[in-house]
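Heads up: the structure comes next, in structure tokens.
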Amino acid sequence: MPGLFDEYRLKDVTLRNRIAVSPMCQYSAIDGMPNDWHLVHLGARAVGGAGLVSVEATGVTPAGRISPGCTGLWSDAHADAFGRIARFVKEHGAVPAIQIAHAGRKASAQRPWDGDAHLTPAQGGWEILGPSAEAFGGNLPIVPKAMTKADIAATSAAFAAAAGRALAAGFEWLELHFAHGYLAHSFFSPLSNHRTDEYGGSLVNRARFLTETLAAVRKVWPERLPLTARLSVEDYAPGGVTLDDAIELAKLLKAGGLDMIDVSMGFNVPDVSGIPWAPGFLAPASARLRRETGLPTSVGWLILDAEQADAIVREEQADVVMLAREMLRDPHWPYHAAVKLGRDTPHAVLPVQYARVARR
Ligand SMILES: Cc1cc2nc3c(=O)[nH]c(=O)nc-3n(C[C@H](O)[C@H](O)[C@H](O)COP(=O)(O)O)c2cc1C
């Protein structure tokens, strides 16, 4: 069985190990433009030895951003600005990935450190969109405009245009953000989609925005490069998405040409109490989805130490582990994991500039 430090090949791309830096919003862009912060944040983690380094949720339209500080990919100038980042990440041995997103009814919010609530028009808030005219709730109380079919078609097209720009920027791994209560997840979940047309009702109808968006992206994103989708495989709320639903959705996406599912959870409704927080608690869901769909998976959430990450890969619960907060605490997590797992040459994970002098 392969372990954490074995290479992983998907399509024509090979990761040097199974450790991925999960997408993490930095709320540090202006007009969607990535800048030196993003270069250093992502670059440091490529230098740190991860196999895959993903850019945060990046808006396919200005209105699709979570906050005014989120990155975007709605113009060629954005693609140019990302080019430097993708190049640096690749030069340091990691595969550069980007997650493209539309925040739906959770868009137009303050940066978390400014309060995390919907912006008022006076604060620069913008019109938000959703499957139905129903607010997320909590500190995001603004009711979205229920999308027309023209809005839906335009948003799928914006995903495809962003995919083309991601390719032009040099990214080699593309993730569709279909999780965390953002637009796509809010279409799929019966808790947020009460449409009566072909985009609401049955599972296939609720999945339609996702399958159509995938189809539009698949025409632009080359077959040789991995195309993944992050799913919230459980809403952890009565009447919401269950793992069984997510498995059906994953099968539809597989039929549409998706290469991998990135297993995540939740955040489509506020104040959820049933999340079974524990180290690696999503790994069994990932294992089941992987087994029952035949799709490779990546999985995150509370993967905290090397042995646990290695076991998830060795036990075939996932092909890749997605680390977020641990990577913020320690960009050199892969080196420390290599030491902990007793690898012969842990310093091989370090860049040549460091390896000779930093080895223990
Ligand atoms: C600061 C921060 C920003 C995040 N932004 C994103 C994001 O842009 N897209 C996404 O899918 N998940 C995002 N997440 C969720 C992480 O990718 C990850 O799934 C989650 O933090 C669980 O992993 P962890 O326990 O290793 O932190 C974010 C998490 C953090 C801590």
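Points to keep in mind about this one:
- Cβ separations smaller than 7 Å between residues 6+ apart or across chains give the following pairs from region 204-216 residues that are farther than 19 Å from residue 233 by Cβ to residues that are among the hydrophobic types (A, V, I, L, M, F, W, C) and surrounded by fewer than 23 Cβ atoms within 10 Å (Cβ to Cβ): 216/157; 216/160.
- Qualifying residue in region 132-155 (condition: more than 16 Å from the ligand (Cβ to nearest atom), of a type in the set (Gly, Ala, Ser) and under 21 Å from the mean Cα position of the chain (by Cα)): no
- When 230, 195, 206 are checked against the criterion of being surrounded by 17 or more Cβ atoms within 10 Å (Cβ to Cβ), within 16 Å of the ligand (Cβ to nearest atom) and among the basic types (Lys, Arg), a single residue qualifies: 230.
- Helices (runs of 4 or more DSSP H) completely within region 244-360 that count 3 or more residues being within 16 Å of the ligand (Cβ to nearest atom) and in contact with a helix residue (DSSP H, G or I) (Cβ under 6 Å, 6 or more places away or on another chain): 283-293, 333-340
- Conditions (1) in contact with a Gly (Cβ under 6 Å, 6 or more places away or on another chain); (2) on the phi > 0 side of the Ramachandran plot; (3) crowded, with 20+ Cβ neighbours inside 10 Å: number failed by residue 181: (1)
- Here the condition is being within 15 Å of the chain's Cα centre (by Cα) and surrounded by 20 or more Cβ atoms within 10 Å (Cβ to Cβ); of 65, 18, 45, it holds for 65 alone.
- Looking at region 1-115, the strands (runs of 3 or more DSSP E) lying wholly inside it that each contain 2 or more residues that are under 28 Å from residue 266 (Cα atoms) sit at 8-10, 19-21, 52-59, 95-101.
- Filter result (part of a loop (DSSP other than H, G, I, E, B) and within 19 Å of residue 151 (Cα to Cα)) within region 202-237: 207
A short reminder: the numbers here are calculations on the coordinates, not readings from a lab. These figures come from a predicted structure and were not determined experimentally. So basically every Cβ, Gly included, is an ideal-geometry build from the backbone, and we count neighbours across all protein chains shown.
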